[in-house]
1. Just tell me which aspartates and glutamates come within less than 18 Å, Cα to Cα, of Lys213; anything on the same chain fewer than 8 places away is out.
2. For a quick protection proxy, order the peptides 248-261, 207-220 by their average other-Cβ count within 10 Å, most packed first.
3. Amide H to amide H under 5 Å from Thr343: which residues, 5+ apart in sequence or cross-chain, H placed 1.01 Å off N in plane?
4. Step through the residues of the stretch 41-51 one at a time and calculate ³J(HN,Hα) from phi using the Karplus curve (6.51 cos²θ - 1.76 cosθ + 1.60, θ = phi - 60°), rounding each to whole Hz and writing x for Gly and Pro.
5. Once you wrap a convex hull around the alpha carbon atoms of the chain, what is its projected area averaged over all directions, in nm²?
6. What is the packing order of peptides 113-120, 52-59, 81-88, taking the mean over residues of other C-beta atoms within 10 Å and listing the highest first?
7. With a 10 Å Cβ neighbour count serving as the proxy for reagent exposure, in which order, fewest first, do Leu273, Leu394 appear?
8. If amide hydrogens are placed 1.01 Å from N in the peptide plane, which non-local residues have theirs closer than 5 Å to the one on Leu279?
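Bear in mind that the values in this text are calculations on the coordinates, not laboratory data. Note that the coordinates shown come from a computational prediction; the quantities given were computed from them, not determined experimentally. Cβ placement follows ideal geometry from the backbone for every residue including glycine, while neighbour counts extend to all protein chains displayed.
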Amino acid sequence: MSQEATIENHGTGRGRPPRILIVVEPGLDGVFRHVEGLVSYLLERSVEVHLVYSTRRCGAAMLALVDRVSASGGEVMDLRVSNFPTLADLVAIYRLVAFVRRVRPDVIHAHSSKAGVLGRTASILTGCPRCLYSPQAYYGMAKPPWLKVRFFNWIEAIFGRYGTTIAISRDEADFARTVLGINEARISVIPNPVDSNRFRPPTPQQRREARMKFGIPENAVVLATVGRMCWQKDPETAYAGVAPVCKENSNLLFFHLGWGKWREYLLGLGQTLELGAHLRILDYTDNPCDFYHAIDALVISSRYEAGWSLVFLEAMACNLPIVSATCVGMSDIGRAGLSHVWTFDPEDVAGCTRAIRQWLSSHRGENGVTGCNHREFVVERLSPERCYGAIFGLYLEVPKEAGVLKHG
């Protein structure tokens, strides 16, 4: 049976599309981008979508998605919760349970840790037929066993007994299984997709316009990092790693597109490392296509990721070379058959410097990015149709019992 036919005949025998409730917190960064793509995929297939979110951590693009869901006939609700547990969460659970009982979804799909707790609690209390959870990087991954880490791991382990967990990498699935003790039968591995129609290599004119927009000199070579300015992304290693290469190459620029509480600290770090005019810190944008068109390569220095990050995939779709840490979640990138990837160990400044030098040598060589297979890789293996389609396939599975889904 085709997926379209399955949609029409799914559910309770009433011949209607499945009714999906998306619960998400935060409405920012990679979590939002994933949810935005998934909701778009579902709405394009006439699936009934409802959305619960929080304006406590939310951007303008999230509010635009809320409007889009409302315009499609879906119900929306702002829970106004923070990311850390508080007593106010009890009120949020009460409101969410009432919302679920009114909407009566066939599936609740929660994204990130706070939404995971709220969504799965509501599923248990209302007997929703199917519950899925996308951790979008467990808080405890690659962190020392601090008290806060142990607390979050305990919460994840308890709720991991319910529904289906969707990991975006084998690394994330292994953490769920070995550290949290989640039954492997409850875990599905579905990688992040990337929209290769939206993210694509620039034409010569697009590249000229993009570099003019960011004020990049004609002869400059630009290495960039994109991401939150925080511990997880470890921008310190990227800054320290690129500094000696900038001193050796006067036309090498280092851009950081992002946001976060470390901004002033990183500006100071740039001064300490004598990056000077080589360093430019830019505010993050929800539409970074022009930025990718302007740069020559991307560096990722994260301590951990849930899987291949959206930034990594977007850069690949634009056929950009990549210098990357082989952190948890991205430990396999050096073995994936990618043609223009240079790797180093997480937190290894010397290794980062070495990988940047290797990329720069290749960039200035005769072949440059000739033969780069990054775009071909994501188009063939990581399309929205393939990855979001796999999630949709989980939505359509018939639960083995009403209420809480069990896998043996």
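1. Result set, ordered by chain and number: Asp283, Asp286, Asp290, Asp296.
2. On the way: 248-261: 17.6, 207-220: 13.7.
Highest to lowest by the protection proxy: 248-261, 207-220.
3. Those lying under 5 Å, H to H, from Thr343 are Ser324.
4. Calculated HN-Hα couplings, in order: 4, 5, 5, 5, 10, 6, 7, 6, 10, 10, 9 Hz.
5. 20.1 nm²
6. 113-120, 52-59, 81-88
7. Leu394, Leu273
8. Phe254
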